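> First, the structure itself, so that you have it in front of you.
A short reminder: the numbers here are calculations on the coordinates, not readings from a lab. Remember, it's a predicted structure, so these values are computed and weren't measured experimentally. Here the Cβ positions follow ideal geometry from the backbone for every residue, glycine too, while neighbour counts run over all protein chains shown.
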2 protein chains.
Amino acid sequence: MTDRTTRRRIAPQSGAAFELGQGDVLRVLDPCGEQVSDLFAFKADDHDCMLSSGRSLDYASRIYLTTGDTLYANDSRPMFSIVGDTVGRHDFLLTPCSQEMFEILYGHRGHHPSCFENLYTAFAPYGIARSRISTTFNIFMNVTVGADGTVAVRAPTSRAGDYIELRAEMELVCALTSCSAEQSNNGTFKPIDYEIVRATPAASRPAGT
Amino acid sequence: MTDRTTRRRIAPQSGAAFELGQGDVLRVLDPCGEQVSDLFAFKADDHDCMLSSGRSLDYASRIYLTTGDTLYANDSRPMFSIVGDTVGRHDFLLTPCSQEMFEILYGHRGHHPSCFENLYTAFAPYGIARSRISTTFNIFMNVTVGADGTVAVRAPTSRAGDYIELRAEMELVCALTSCSAEQSNNGTFKPIDYEIVRATPAASRPAGT
C-alpha cells in the first residue's frame, strides 16, 4: 500500500460510510471468500443524484456488470466505472436485506441485523434518510435468473482475496456492508475489506475527504 | 361500465397522473396491441414511500410478476396487488425511457418524447421531483434475460384488448404512460387506455379523489 491507499475492515453484519473524490478507486475485497457487500452511493453535494440499477442495467443491456461497465446515477450520469474485477458475478436486481425481508421471506421474529439497517445507519450522519436507499449494487452476490424469470440467490463465487475496483466518476458519499443474510453468503458471516486509492495525495484534497 | 368506473385514453407518447383510494382497481388496457405503459406510484400522503422494483422482485423471487403477486413500496408495505392479467409478461428491471436513454443507446440527437419526461411532467402538480422516479413497472413490456445475463427488449406479447388489473393497497398518487420508445412497442406508437374501478362511490369519497 502506498500513502495514497487506506485499507479498512467492515466487521461481519455491519457497515461503513465514506467519501470518494472524483478519480478515487474503491477496491472492495472478500478476505475469506463467499461474502457479499452491498454498495449504495449519492453525489456528495446533491443527494437527489443517486445510484440507479434501472439506468445501469438498461445502458449495459446486461444484468451482470463487470470490468469496463459503468454504474449510472438516476440522472444518467456515470457514477462509477468498474476498472477491475476478479469475480465477474455481482447482483444489481435486489434491494439490501432488511428486517422486513427476514420477516416476509423467512418468517423471522425479533431483530435481525441487515444491510439496510447498516446502510441507513452509516448514511445518517450525512443527513440521508433511509427512504432514499434504493436497489444496491450487491458485490459478490450471486443471483441467477431462470428462463421462466425465477430468481435464485446462490453462494458467491468469490474466493479469499478476490476483489472489484470501482473508480468514482464524481464526488460521492458511499456506504458499504458486510452482508447480514445467511442466504447470500452460504450460511456464514464474514468481514469485508475495502481500500481507497486516492487520485490525489491527502495534502491536495479538501479537508474531510 | 358502472358509475364507479371511469375510462380514459392516454394518447401515444404521453402520460397521465391520478389518485387511487385504498381498494380501487386500476385496469390498464392495450387497445391496439403491442404497446407498453410505464407505471410509477407514491403513497398519497407520504412521497418518501414509493414503488420499489428491488423489494418486489426479492419478495416474489421472480422477475415476471402476474396475478397473485404484490408490488411493494420501498418500506416493504404492499402498494398494489395484481388481481387480473391477460398477458403475464411485464418488465420491472428497467427505468423508463428518457432523453438520455435515446442519446446513450441510440445516438439520438434533439428532443425525443420519453416516458420519463411524461411521468415527471404528470407528477409535477403533486410536487414530486423527477429525481424520485425510480425503476417503473413497465406494463406489457417484454424483456428477456439470457443465461449470460443479456437483457433484450422484445415486442410485447399483448394483443388488442389485453389488460392488467392492479388493486391499490394504500392511497396512491400514480402516473402512467403510453410508451415513447420505438424499441418497446415493435416500432409503432399507440395509445393506452385505463379504467379506475372505485371501491367506494364518489359521493362517499373525500373531495378530489
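> Which helices of chain B meet both criteria: a Cα extent of 20 Å or more along the helical axis and a mean Kyte-Doolittle score no lower than 1.6, with helices taken as whole DSSP H segments?
none
> What list of ³J(HN,Hα) couplings, whole Hz, do you get for region B:130-146 from phi and the Karplus terms 6.51, -1.76, 1.60, once you set θ to phi - 60° and write x for glycine and proline?
Karplus values, whole Hz, x for Gly and Pro: 4, 5, 7, 7, 9, 4, 8, 8, 9, 5, 6, 7, 10, 10, 10, 10, x.
> Ok, one more. Which residues in region B:44-66 have a backbone N closer than 16 Å to a point placed 7 Å from the Cα of A:THR144 along the Cα-to-Cβ line?
Counting backbone N atoms under 16 Å from the label point, the list is B:62-63.
> When a footprinting reagent is the concern and you count Cβ atoms within 10 Å, what order do A:THR136, A:THR6 take, fewest first?
The order, fewest Cβ neighbours first, is A:THR6, A:THR136.
> OK, next. Run through the other copies and list how far each one's label point is from that of B:ALA147, in nm with one decimal, shortest first; the point sits 7 Å from Cα along Cα-Cβ.
In nanometres, ordered from closest: 0.9.
> Count, for each residue of A:143-154, the Cβ atoms from other chains sitting within 10 Å of its Cβ, then give me the mean as a whole number.
5
> Hey, for B:LEU105 with labels 7 Å out along Cα-Cβ, what do the inter-copy distances come to in nm, ordered shortest first?
2.7
> Now for a separate question. For A:LYS190, go through the lysines and keep the ones whose alpha-carbon is under 27 Å away, minus same-chain ones fewer than eight residues off.
A:LYS190 reaches no qualifying lysines.
> Report the calculated FRET efficiency for B:ARG109 and A:LEU105 (r = Cβ-Cβ distance, R0 = 41 Å), to the nearest 0.05.
Given R0 = 41 Å and the Cβ-Cβ separation, E is 0.35.
> Looking only at other chains, what is the average number of their beta-carbon atoms within 10 angstrom of each beta-carbon in A:128-137?
Neighbouring Cβ atoms belonging to other protein chains average 4 per residue here.
> Amide H of B:GLU34: which non-local residues (sequence gap of 5 or more, or other chain) have their own amide H closer than 5 Å, using H built in the peptide plane?
B:SER158, B:ARG159
> Here's another thing I want to ask about it. Quick one: which residues, 5 or more positions from A:ASP69 or on another chain, have an amide H under 5 Å from its amide H? H modelled 1.01 Å from N in the peptide plane, none for Pro or chain starts.
Here A:ILE82 satisfy the definition.
> Could you please rank B:ASP75, A:ASP24, placing first whichever residue has the fewest other Cβ atoms within 10 Å of its Cβ?
B:ASP75, A:ASP24
> For a footprinting-style exposure proxy, rank B:PHE189, A:PHE116 by other Cβ within 10 Å, fewest first.
Neighbour counts put them in this order, fewest first: B:PHE189, A:PHE116.
> Counting just the Cα atoms, what span does region B:5-201 cover along each of its three principal axes? Round to the nearest Å and put the largest first.
Reported extents, whole Å, longest axis first: 46, 37, 32.
> Now for a separate question. Hey, got the average number of other protein chain Cβ atoms within 10 angstrom for residues in B:55-65?
6
> I would also like to ask the following. Please work out the FRET efficiency for the pair A:VAL83 and B:ASP45, using the Cβ-Cβ distance as r and a Förster radius of 51 Å; give the result to the nearest 0.05.
It comes to 0.70.
> Using the Karplus curve 6.51 cos²θ - 1.76 cosθ + 1.60 with θ = phi - 60°, what ³J(HN,Hα) values do you get for each residue of region A:153-164, in whole Hz, with x for Gly and Pro?
Using θ = phi - 60°, the values come out as 9, 10, 4, x, 8, 6, 10, 3, x, 5, 7, 10 Hz.
> Bin width 10 Å, origin at 0, all Cα-Cα pairs of region A:41-156: what percent of pairs per bin?
Spelled out bin by bin, region A:41-156 gives 13, 39, 37, 12, 0 percent.
> Shape verdict for the protein assembly as shown, please, from the Cα gyration tensor: rounded (a/c under 1.5), prolate (a/b greater than b/c) or oblate.
It is prolate, given that a/c is not under 1.5 and a/b is the larger ratio.
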